[in-house]
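Okay, so here's the structure we're looking at.
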Amino acid sequence: MTTQRKPPSPAPRRNEASRRAILTAAFALVQEVGYAKLSIEGIAARAGVGKQTIYRWWPSKGAVLFDAFLMLSEQPGSGDSALPDTGDLEADLKAVLRATIEELNDPRYDEPMRALNTEITHDPALAALYAERLDGPMRELKKGRLRSAQRAGQLAGDLDLDVAVDLIWGPLLNRWLQRTGALTPGYADSVVETALNGLRPRP
């Protein structure tokens with residue numbers, strides 16, 4: 001492609017700086033005051049912008065918080081989003097679930113993630129956005145890893161991959177949301193082992 005692109009104008013740079021300031025402020029504030037006390041006014045004050053700037057880009061504080069989570073994945077060092085594929089399905093899944101548990105147990109993320117899950121339950125528009133931009137792509141990555149295991153003969157060829165994803169990842173989210181037990185590396189390993197014992201092809 002030979003057409004030269006013009007350098008970006010100062011306005012988008014200012015907008016991007018404001019966007020990141022708003023999202024950073026929202027994530028910090030929800031940890032400090034909780035979601036119930038989080039407000040657009042408070043976020044605007046912390047970010048140093050007018051609240052109309054926030055309303056112009058987001059319809060609700062839940063939408064702001066969701067974008068704050070997405071921003072974390074944009075930061076350097078956030079890592080490759082692809083699931084590991086060493087050829088050892090059980091080891092790979094245990095590593096992924098252990099990392100998931102570590103994140104769920106991180107006090108920096110606990111309150112914001114619980115708030116976001118609650119908001120998704122009550123806001124269909126936010127739920128649709130979450131499905132499109134985060135849950136859907138992540139589900140495809142998980143299914144891709146399981147599909148690789150199918151090709152290697154480690155999983156049944158006719159396995160319903162959506163059900164398999166729910167069986168493997170669902171117990172962690174359920175235990176975390178309902179606080180029904182400790183989230184430990186041992187629990188992650190047990191979930192993987194139990195799921196795979198029922199998913200492996202029969203001889």
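The values are calculated or read from the model by the stated rules, or taken from the named source; none is laboratory data. Only a predicted model underlies this, so the values are computations on that prediction, with no experimental measurement involved. All Cβ positions, even for glycine, are placed from backbone atoms using ideal geometry, and neighbour counts span all protein chains on display.
Observations on the structure shown:
- Out of ASP162, ASP189, sole residue that is under 19 Å from the mean Cα position of the chain (by Cα), modelled with pLDDT of 95 or more and among the acidic types (Asp, Glu): ASP162
- Taken together, ARG108, ARG114, ARG151 contain a single residue that is farther than 21 Å from LEU172 by Cβ and among the basic types (Lys, Arg), which is ARG151.
- Filter pass, LEU146 being buried (at least 16 other Cβ atoms within 10 Å of the Cβ), hydrophobic (A, V, I, L, M, F, W, C) and under 24 Å from THR184 (Cα atoms): yes
- For segment 102-203, the helices (runs of 4 or more DSSP H) that sit wholly inside it and include 3 or more residues that are under 22 Å from ALA91 (Cβ atoms) and not acidic (Asp, Glu) are 136-151, 161-178, 185-199.
- Taken across segment 95-109, residues that are at pLDDT 95 or above, surrounded by 13 or more Cβ atoms within 10 Å (Cβ to Cβ) and over 16 Å from the mean Cα position of the chain (by Cα) do occur, with at least one present.
- Single condition TYR35 does not satisfy, out of (1) at pLDDT 90 or above; (2) crowded, with 16+ Cβ neighbours inside 10 Å: (1)
- Matching residues in segment 114-127 - criterion: being in contact (Cβ under 8 Å) with a residue 24 or more places away in the chain and either in contact with a strand residue (DSSP E or B) (Cβ under 8 Å, 6 or more places away or on another chain) or not basic (Lys, Arg) (or both): ALA115, LEU116, ASN117, THR118, GLU119, ILE120, ASP123, ALA125, LEU126
- Selection from segment 23-60 of residues that are within 17 Å of LEU126 (Cβ to Cβ), touching a residue at least 40 places away in the same chain (Cβ under 8 Å) and in a helix (DSSP H, G or I): LEU23, ALA26, PHE27, VAL30
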